[in-house]
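A.B. asks: Please see the structure below; I have some questions.
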Amino acid sequence: MDYEIVIGLEVHCQLKTETKIFCGCSTSFGELPNANTCPVCTGMPGALPVLNRKVVDFAIRAGLATNCRIVPNSVFARKNYFYPDLPKGYQISQFELPICLSGSLEIEVEGESKTIGITRIHMEEDAGKLVHPEDEFGVSYVDYNRACVPLLEIVSEPDMRSAAEAVAYLKALRDVMLYLGITDGNMEEGSFRCDANISLRPFGQKEFGIRAELKNMNSFRNVQRAIDYEVERQAEILDEGGTVVQETRLWDAERGVTRSMRGKEEAHDYRYFPDPDLLPVVIDEEWIEEVRNSLPELPAAKRRRLAADYGIPASDAEMLCADRALADYFEAVVELAGAGQAKSAANWIMVELMKFLNEEKVGIIACPVTPAGLAELLGLIADGTISGKIAKQVFATMYEQGDNAPKKIVEREGLAQMSDAGELAALVDEIITANADKVAQYQAGKTKLFGFFVGQVMKKTGGQANPRLVNELFKERIG
Amino acid sequence: MELFECSLEELAGMLAQKEISSVEVTRSVLGRIAAVEDRIGAYLALDEAGALAQAEEADRRRAGDEGVTPLTGIPIGLKDLLSTRDFKTTCASKMLADYRPEYDATVVTRLKQAGAVLLGKLNMDEFAMGSSTENSALKKTVNPWDFSKVPGGSSGGSAAAVAAAEAIATLGSDTGGSIRQPASFCGVVGLKPSYGRVSRYGLVAFASSLDQIGPVTLTVADAALLLQAIAGVDPRDSTAVATPVPDYCAALKKEIRGLKLGVPREYFAAGLDPEVEAAVRLAITQLEGLGAEIVEISLPHTDYAVATYYLLATAEASSNLARYDGVKYGFRAADCDGLKEMYFRTRAQGFGSEVKRRIMLGTYALSSGYYDAYYRKAQQVRTLIRRDFDAAFDSCDAIVSPVCPTPAFAFGEKIDDPLAMYLSDILTIPVNLAGLPALSLPCGFSGAGLPIGFQVIAAPFAEETLLRVAWHYEQQAGWVGKRPQLTEEEV
Ligand SMILES: [Zn+2]
């Protein structure tokens, strides 16, 4: 039987503030265990949390960028449970009154766009990390460096109907958060993690089916695979007349299956209540407007604008906008090279530039070729100084040596195209004379030989002859 | 008169005149402690050498005129739930019996900056839960006026130490009466400031929305001096408010003629000991004689205060005390098989029975399915109680009442009857629920020679009014300086 798939996602997004949400400790990654701790984030008796205003700022940004309503008086609540990585025995989170409510995000799947509802966004603190060394002592340790690092939890409505939609939503959400500059969005390192609620129902049925919650999917691909697996698993149960158990299941990427977490995590009563150590978060219109005015152009708007303003294909615009810095780079190049070079700039960035960046696994930020350098190079191609092929060679020099003066490189290395008609005509004549038999064959109809003649000239000039001129000269002489 | 018998104000005057040194005062107090402490049992930790070193430093400061305050060189004791780098901070619990904080509470930092001499740490009910100090897991503290009677609680050590002249002043904490009730039982002055007046940073939390640190002293002026040093906004405590701190000492002597004092009818209900009622009524009459206008008021939701308090305070406590899990610091049960067993046994063995009772009550009140009926309802009633006071302060400037329905009771009298113990806080609890400042000061003695306390309550952040009323009464009534007889020479 065919079922309708219903998916809702809960995303935890680690915020890249300099200090933690409730104390002054650094959030930097990779320090020695417990180096970034203080009485507050280790839950010492008597220590009190003080809210980092930057976290609120970031949460408002996330809310506005996802069309949420910003709650003027949101409240921090304690989520009570015991675990050694949780220093206070409760996590400070938000429950009844989160900072953002009822937003939405546009996604696009196979050319169709769709709006996914966002139920809420709330602020909370992360927990520490257990360390189990594999030694003979059998002792576990706790590292509280991550404890109290700020997180946003972004909860979607159960609006997604396929794994592809879920992945598209996740990508779109991550793009937005990256554009806002509030997270590094690293899924492998867990700074952007997602849990998925999945249920099936017969098409046409109004009520949702019983859902399972999937955890531990640390890449887009794993989200896709885990959901596909889970859909199949639930469909089999339903086909056999069984009932899906409402539970949390862990995705095992190695085996490609989801596994029940029952027994490990019993049903919790978190006993949420407002945290008496923190005041309600009061946000006035002025603050919201201030944040709104500082919002960058978001990915969807940028894609539309790039395609419209520069006349580049939607697919190019999408590729360039995958990274805000890449899109900015593109615009900087076009600004310098002129609007006529937009298409060519897009091609060069997506093909040649990306090839080098991907080889070194670095982002556009680390690119040694500046927008001005690339713009100058595009100019040299446009005015016929060099051919596209030579340009690639020049580009390689620019990238490898961090030399952003392509004109000088061309001069220094004598790479300028031969565009002197007289000089080229002599060469063309020479080739015609030397290959009289082939000229005859060509004129008898073997037109493919034209390429051979041009190739001979290019060979003689070390590739520097202007191919357009050479073509013209042959056409004039041998028809 | 010995130096240890003097008030903070007197000593500050003599120190300022350089008639005496801090080392002399500190030696005098340490001598007194040596003489009486084995019978009183107020201190959980005492550092004589450290105290003398601080006294010497205070004298140097004074000689060099560097940042001298009225507290410079004054020996002070701290309730053992105020975090101190220099002393263990046990909360009188087995759970923290060996815990030494890595930081000082904000009030401790302020006292150090003011140049006070920190003597040591004082006994209390475990985690401030109790009204008799009988819940201390570490020590028994007696009432200096009658060793068969409790000193009150939870700041029993803080009150007994001042009464027995084992400290010139002390700090306590008050969640439902824990400063005022022991002050009343021990015949000293206890001030619970408005919620938010004093930073709670470093105060080991019992119930965060109710806890407040305050002074226990011999006189009202002493309370003003000590409050002056500890009050004020703190970037480490979001609930400490930025309202400017006035000059409390300057406020004391403003006359009280024309001030309206409200007498809440519900606070003189059945169960009030006749001797207590008589002493308090007499005090009210004396205030009227000083020109105050006495008006009867009503606080209609008083009856619900104890129930409300025991839902909210225990709910917060159940969460605040979750951190004592054997993982990071403090007690951990030995030889546990696995995490769960470590949790269960650590908490079963580390906490005393009253603490466990309150954790269970609070956990229940917050549980899903009960939250609305208990916790949320209690919050709503709390609002009603606060409104009672708001309305009352429309018709009066301060409220006067008894502190506790009875004088100090005997050891063992209520310890097996938690409800009777809880009800003894009925006249102090509403103040905490409403976040108000209130002060307890002596207003006489029972036939059996036990002190009786008188409570003055003011509107939020109106500590000046409170201190002013109390000071004028104190000057008039002449109870100041009445000390229990503890040594042969004092006969
Ligand atoms: Zn910290």
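A.B. asks: Scan segment A:41-81 residue by residue and report those that are within 27 Å of the chain's Cα centre (by Cα), crowded, with 20+ Cβ neighbours inside 10 Å and over 30 Å from B:Val327 (Cα atoms).
C.D. replies: If the condition is that a residue be within 27 Å of the chain's Cα centre (by Cα), crowded, with 20+ Cβ neighbours inside 10 Å and over 30 Å from B:Val327 (Cα atoms), then A:Val56, A:Phe58, A:Ala59, A:Ile60, A:Arg61, A:Ala62, A:Gly63, A:Leu64, A:Ala65, A:Thr66, A:Cys68, A:Ile70 are the ones that fit.
Results for (1) closer than 28 Å to A:Gln393 by Cα; (2) surrounded by fewer than 12 Cβ atoms within 10 Å (Cβ to Cβ); (3) of a type in the set (Asp, Glu), shown as yes or no for each residue.
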| position | (1), (2), (3) |
| --- | --- |
| A:Asp420 | yes, no, yes |
| A:Val428 | yes, no, no |
| A:Ile431 | yes, no, no |
| A:Gly451 | yes, yes, no |
| A:Gln456 | yes, no, no |
| A:Gly463 | yes, no, no |
| A:Pro467 | yes, no, no |
| A:Asn471 | yes, no, no |
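A.B. asks: Can you list the strands (runs of 3 or more DSSP E) found entirely within segment A:99-162 that contain at least 2 residues being within 14 Å of chain B (Cβ to nearest Cβ), within 16 Å of the ligand (Cβ to nearest atom) and among the polar types (S, T, N, Q)?
C.D. replies: Counting at least 2 such residues, we get no strands (runs of 3 or more DSSP E) at all.
A.B. asks: Here's a follow-up. Of all residues in segment A:109-136 being surrounded by fewer than 21 Cβ atoms within 10 Å (Cβ to Cβ) and of a type in the set (Val, Ile, Thr), which is nearest to the chain's Cα centre (by Cα)?
C.D. replies: Only one residue fits best here, namely A:Val109.
A.B. asks: So, one more: B:Val245 - would you say it is in a loop (DSSP other than H, G, I, E, B), among the hydrophobic types (A, V, I, L, M, F, W, C), away from chain A (no Cβ under 14 Å) and touching a strand residue (DSSP E or B) at 6+ places or on another chain (Cβ under 8 Å)?
C.D. replies: Criteria met by B:Val245.
A.B. asks: If I ask for residues that are part of a loop (DSSP other than H, G, I, E, B), facing chain A (nearest Cβ under 10 Å) and over 11 Å from A:Gly43 (Cβ atoms), which ones from segment B:319-347 would you list?
C.D. replies: Within segment B:319-347, B:Gly326, B:Gly330 qualify.
A.B. asks: Please work out which residue is farthest from B:Pro300 (Cα to Cα), limiting yourself to segment B:387-412 and to residues that are among the charged types (D, E, K, R) and crowded, with 17+ Cβ neighbours inside 10 Å.
C.D. replies: Among those that are among the charged types (D, E, K, R) and crowded, with 17+ Cβ neighbours inside 10 Å, it is B:Asp397.
A.B. asks: Looking only at residues in segment B:94-121 that are outside any loop (DSSP other than H, G, I, E, B) and within 13 Å of chain A (Cβ to nearest Cβ), which one is nearest to B:Ile33 (Cα to Cα)?
C.D. replies: In this case the residue turns out to be B:Val108.
A.B. asks: From the set of residues in segment A:1-40 that are of a type in the set (Gly, Ala, Ser) and in contact (Cβ under 8 Å) with a residue 24 or more places away in the chain, which is nearest to A:Glu207 (Cα to Cα)?
C.D. replies: A:Gly8
Listed here are the residues, each with its yes/no results for (1) within 14 Å of chain B (Cβ to nearest Cβ); (2) more than 30 Å from B:Gly196 (Cα to Cα); (3) in contact with a helix residue (DSSP H, G or I) (Cβ under 7 Å, 6 or more places away or on another chain).
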{"residue": "A:Tyr270", "(1), (2), (3)": "yes, no, no"}
{"residue": "A:Pro274", "(1), (2), (3)": "yes, no, no"}
{"residue": "A:Val281", "(1), (2), (3)": "yes, no, yes"}
{"residue": "A:Val291", "(1), (2), (3)": "no, yes, yes"}
{"residue": "A:Ala308", "(1), (2), (3)": "no, yes, no"}
{"residue": "A:Gly311", "(1), (2), (3)": "no, yes, yes"}
{"residue": "A:Ala314", "(1), (2), (3)": "no, yes, yes"}
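A.B. asks: For segment B:283-302, indicate whether the set of residues that are crowded, with 23+ Cβ neighbours inside 10 Å, under 30 Å from B:Ala365 (Cβ atoms), small (Gly, Ala, Ser) and away from chain A (no Cβ under 14 Å) is non-empty.
C.D. replies: Among the residues of segment B:283-302, not one is crowded, with 23+ Cβ neighbours inside 10 Å, under 30 Å from B:Ala365 (Cβ atoms), small (Gly, Ala, Ser) and away from chain A (no Cβ under 14 Å), which makes the answer no.
A.B. asks: Out of the residues in segment A:22-40 that are in contact with an Asp or Glu (Cβ under 8 Å, 6 or more places away or on another chain) and under 21 Å from B:Asp325 (Cβ atoms), which is farthest from the ligand (Cβ to nearest atom)?
C.D. replies: Filtering segment A:22-40 for residues that are in contact with an Asp or Glu (Cβ under 8 Å, 6 or more places away or on another chain) and under 21 Å from B:Asp325 (Cβ atoms), the one farthest from the ligand (Cβ to nearest atom) comes out as A:Pro33.
A.B. asks: Can you tell me how many residues in segment A:57-90 are within 13 Å of another protein chain (Cβ to nearest Cβ) and either in contact with a helix residue (DSSP H, G or I) (Cβ under 8 Å, 6 or more places away or on another chain) or in a strand (DSSP E or B) (or both)?
C.D. replies: 11
A.B. asks: Does segment B:352-373 include one or more residues that are part of a helix (DSSP H, G or I), in contact (Cβ under 8 Å) with a residue 60 or more places away in the chain and within 14 Å of chain A (Cβ to nearest Cβ)?
C.D. replies: Yes, some residue in segment B:352-373 is part of a helix (DSSP H, G or I), in contact (Cβ under 8 Å) with a residue 60 or more places away in the chain and within 14 Å of chain A (Cβ to nearest Cβ).
A.B. asks: Additional query: Go through the residues of segment A:217-231 one by one and say whether even a single one is in contact with an Asp or Glu (Cβ under 7 Å, 6 or more places away or on another chain), assigned by TED's automatic domain parsing to the domain that holds A:Leu180 and not small (Gly, Ala, Ser).
C.D. replies: yes
A.B. asks: So A:Asp269 passes all but one of these: (1) in contact (Cβ under 8 Å) with a residue 24 or more places away in the chain; (2) closer than 30 Å to B:Tyr201 by Cα; (3) touching a strand residue (DSSP E or B) at 6+ places or on another chain (Cβ under 9 Å). Which condition number does it fail?
C.D. replies: (1)
A.B. asks: Looking at (1) within 11 Å of chain A (Cβ to nearest Cβ); (2) under 26 Å from B:Gly31 (Cα atoms), find the lone condition where B:Met124 falls short.
C.D. replies: (1)
To keep it simple, each residue is scored yes or no on (1) crowded, with 24+ Cβ neighbours inside 10 Å; (2) away from chain A (no Cβ under 14 Å); (3) free of Cβ contacts under 8 Å to residues at least 24 places away in the same chain.
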position: B:Arg200; (1), (2), (3): yes, no, no
position: B:Val204; (1), (2), (3): yes, no, no
position: B:Pro215; (1), (2), (3): yes, yes, no
position: B:Val220; (1), (2), (3): yes, yes, no
position: B:Ala250; (1), (2), (3): no, yes, yes
position: B:Glu255; (1), (2), (3): no, yes, no
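A.B. asks: Okay, moving on. Exactly one condition in (1) closer than 25 Å to B:Asn320 by Cβ; (2) in contact with a Lys or Arg (Cβ under 7 Å, 6 or more places away or on another chain) is false for A:Gln94; which is it?
C.D. replies: (2)
A.B. asks: Only one of A:Thr66, A:Thr19 is of a type in the set (Ser, Thr, Tyr) and either within 15 Å of the ligand (Cβ to nearest atom) or not assigned by TED's automatic domain parsing to the domain that holds A:Arg146 (or both); which?
C.D. replies: Every option except A:Thr19 fails the conditions.
A.B. asks: Checking A:Asp85 against (1) away from the ligand (no atom under 16 Å from the Cβ); (2) surrounded by fewer than 23 Cβ atoms within 10 Å (Cβ to Cβ), which single condition isn't satisfied?
C.D. replies: Of everything listed in (1) away from the ligand (no atom under 16 Å from the Cβ); (2) surrounded by fewer than 23 Cβ atoms within 10 Å (Cβ to Cβ), A:Asp85 misses just condition (1).
A.B. asks: Output yes when any residue across segment A:41-52 is more than 10 Å from the ligand (Cβ to nearest atom), without any contact (Cβ under 8 Å) to a residue 12 or more places away in the chain and under 23 Å from A:Glu290 (Cα atoms), and no when none is.
C.D. replies: No, there is no match, as no residue in segment A:41-52 is more than 10 Å from the ligand (Cβ to nearest atom), without any contact (Cβ under 8 Å) to a residue 12 or more places away in the chain and under 23 Å from A:Glu290 (Cα atoms).
A.B. asks: When you go through (1) loosely packed, with under 14 Cβ neighbours inside 10 Å; (2) away from every other protein chain (no Cβ under 14 Å) one by one for A:Asn218, which number turns out not to apply?
C.D. replies: Failing condition for A:Asn218: (1).
The values are calculated or read from the model by the stated rules, or taken from the named source; none is laboratory data. Predicted, not measured: the structure shown is a model, and the values here were computed from it. Note that we place each Cβ from the backbone using ideal geometry, even for glycine, and neighbour counts take in every protein chain shown.
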